[in-house]
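Asks: The structure is given below, and queries will be raised subsequently.
The values are calculated or read from the model by the stated rules, or taken from the named source; none is laboratory data. Note that the structure is predicted; figures quoted are calculated from it, not measured. Don't worry about glycine lacking a Cβ; one is built from the backbone with ideal geometry, like all the others, and counts go over all protein chains shown.
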């Protein structure tokens, strides 16, 4: 019942070429994502959500070519400015990874500042206008953006669902600890297969 497609949306977080693809600005994270099969599971969830009639949202982190409007108030932001691969708007680095399809019906949320895929991106208004009550959160990283998305979703009044094998972080044991000791306290932690099963059972083709 928590995953009623009529009131459920799926969010992918920073599943973009410059983060999870070859030549990533964060090669350790990209390697972890690919070695674990996380992208394939996210791709399957995206397809199942669309088939069930649930909205799909893709959260992208990017910056202007001149860097204006971006944060500089944390080590992470300052380090990002020195990275070889820049997440510059309009470049391949901010395109969704090819493993994950993007349909015309999807929403692409682009942010120039901050750490949260939801705050300041218009996501809350979109979700409320769509009648969404439950948000399934996937992507990277379990270190920063995914917990931000979960906390913001809960603070905004949504039910947050986290398929633990459809998110990734580094190192892997830390990511697992974040899920167990933090995200499990404020969200429903499950698996991609369980979410897939719920969405497929609710899909029009299975009714």
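Asks: Residues in the stretch 45-68 that are under 17 Å from the mean Cα position of the chain (by Cα), buried (at least 20 other Cβ atoms within 10 Å of the Cβ) and part of a helix (DSSP H, G or I): how many?
Replies: Adding up the residues that qualify gives 4.
Asks: Within the stretch 150-164, count every residue that is part of a helix (DSSP H, G or I) and crowded, with 17+ Cβ neighbours inside 10 Å.
Replies: Residues that pass the stated criteria total 5.
Asks: Consider residue 121 against the criteria (1) touching a strand residue (DSSP E or B) at 6+ places or on another chain (Cβ under 9 Å); (2) without any contact (Cβ under 8 Å) to a residue 60 or more places away in the chain; (3) within 29 Å of residue 3 (Cα to Cα): it satisfies all of them except one. Which criterion is unmet?
Replies: Of the numbered conditions (1) touching a strand residue (DSSP E or B) at 6+ places or on another chain (Cβ under 9 Å); (2) without any contact (Cβ under 8 Å) to a residue 60 or more places away in the chain; (3) within 29 Å of residue 3 (Cα to Cα), the odd one out for residue 121 is (2).
Asks: For the stretch 120-137, enumerate the residues that are buried (at least 18 other Cβ atoms within 10 Å of the Cβ) and touching a helix residue (DSSP H, G or I) at 6+ places or on another chain (Cβ under 8 Å).
Replies: 132, 134, 135, 136, 137
Asks: If you go through the stretch 170-196 one residue at a time, how many are touching a residue at least 60 places away in the same chain (Cβ under 8 Å) and within 22 Å of residue 2 (Cβ to Cβ)?
Replies: 4
Asks: Name the single residue that is surrounded by the most Cβ atoms within 10 Å (Cβ to Cβ) among those in the stretch 180-207 being touching a strand residue (DSSP E or B) at 6+ places or on another chain (Cβ under 6 Å) and assigned to a helix (DSSP H, G or I).
Replies: The selected residue is 195.
Asks: Which numbered condition in (1) modelled with pLDDT under 95; (2) under 20 Å from residue 33 (Cβ atoms) is the only one that residue 119 fails?
Replies: (2)
Asks: Given the condition surrounded by 22 or more Cβ atoms within 10 Å (Cβ to Cβ), in a loop (DSSP other than H, G, I, E, B) and touching a residue at least 24 places away in the same chain (Cβ under 8 Å), answer yes or no: does some residue in the stretch 106-113 qualify?
Replies: There is no residue in the stretch 106-113 that is surrounded by 22 or more Cβ atoms within 10 Å (Cβ to Cβ), in a loop (DSSP other than H, G, I, E, B) and touching a residue at least 24 places away in the same chain (Cβ under 8 Å).
Asks: For the stretch 4-28, which positions are under 20 Å from residue 134 (Cα atoms) and either surrounded by fewer than 18 Cβ atoms within 10 Å (Cβ to Cβ) or touching a strand residue (DSSP E or B) at 6+ places or on another chain (Cβ under 7 Å) (or both)?
Replies: 4, 6, 7, 8, 9, 10, 11, 12, 13, 14
Asks: Hey, could you check the stretch 15-38 for residues that are part of a loop (DSSP other than H, G, I, E, B) and at pLDDT below 95 and say which is nearest to residue 192 (Cα to Cα)?
Replies: Going through the qualifying residues, I end up with 21.
Asks: Sticking with this structure for a sec: With 130, 57 as the choices, which residue is in contact with a strand residue (DSSP E or B) (Cβ under 8 Å, 6 or more places away or on another chain), within 15 Å of residue 12 (Cβ to Cβ) and touching a residue at least 40 places away in the same chain (Cβ under 8 Å)?
Replies: Going through 130, 57 in turn, the sole match is 57.
Asks: Is it the case that some residue within the stretch 138-149 is in contact with a helix residue (DSSP H, G or I) (Cβ under 7 Å, 6 or more places away or on another chain) and assigned to a helix (DSSP H, G or I)?
Replies: Yes, some residue in the stretch 138-149 is in contact with a helix residue (DSSP H, G or I) (Cβ under 7 Å, 6 or more places away or on another chain) and assigned to a helix (DSSP H, G or I).
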